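Worksheet: one structure, shown below.
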Amino acid sequence: MDVPKILYSFKIWMFRGQFRLTKRRSVDPQRLCLFVVRVYAKAWIEASFSVQAPRLDLELIKALGTYDKIDPESETSRCRKMSSHLWYVSEELVGLSLPFDSDVSCETKNAMVTAYDERI
């Protein structure tokens, strides 16, 4: 998703009362704006935190999964697109990155170590 398209959609939606739009042209920008505000903006802002990336990507997938209640038509394409970017997230990578993530509680980290020890 590119920033110019997002900004263009916000402008169309904000000034929709000043010019005539077809039904399709008025619904699409609104759907995109709602998606950006409810899901995408948080993920985009947090994208630069490399240590937290695996956890944040999984949280984004979870948010996309619940977004289908708001906009059922677009959910499958967004989840499919995001899933194609998760090729690097493996069980081992998440396990290695979470100990360095300051937002993960010590209890969760201890539970992960215990679960890992039980697997071995």
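Rule-based calculations on the coordinates, nothing more; no lab input. Fair warning: this is a prediction, and the values are worked out from it, not measured in the lab. Glycine also receives a Cβ, built like all others from the backbone with ideal geometry; neighbour counts cover every protein chain displayed.
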The chain: calculated mean residue ellipticity at 222 nm from DSSP helix runs of at least 4, using -39500 (n - 2.57): -19000 deg cm²/dmol
Helix 23-35 vs. the chain, principal-axis angle (Cα, 0 to 90°, nearest 10): 30
Full-stretch length increase - L7, E91 - with 0.36 nm per residue and alpha-carbon distance subtracted: 26.6 nm
Theoretical FRET efficiency, 1/(1+(r/R0)^6), r = Cβ-Cβ of D28 and L58, R0 30 Å, to 0.05: 0.55
Between 0 and 90°, nearest 10: helix 106-119 axis offset from the chain longest Cα axis: 60
Fully extended contour minus Cα-Cα distance, from K109 to E46, at 0.36 nm per residue: 20.6 nm
With Cα atoms, 0 to 90° folded angle of helix 3-14 axis to the chain main axis: 50
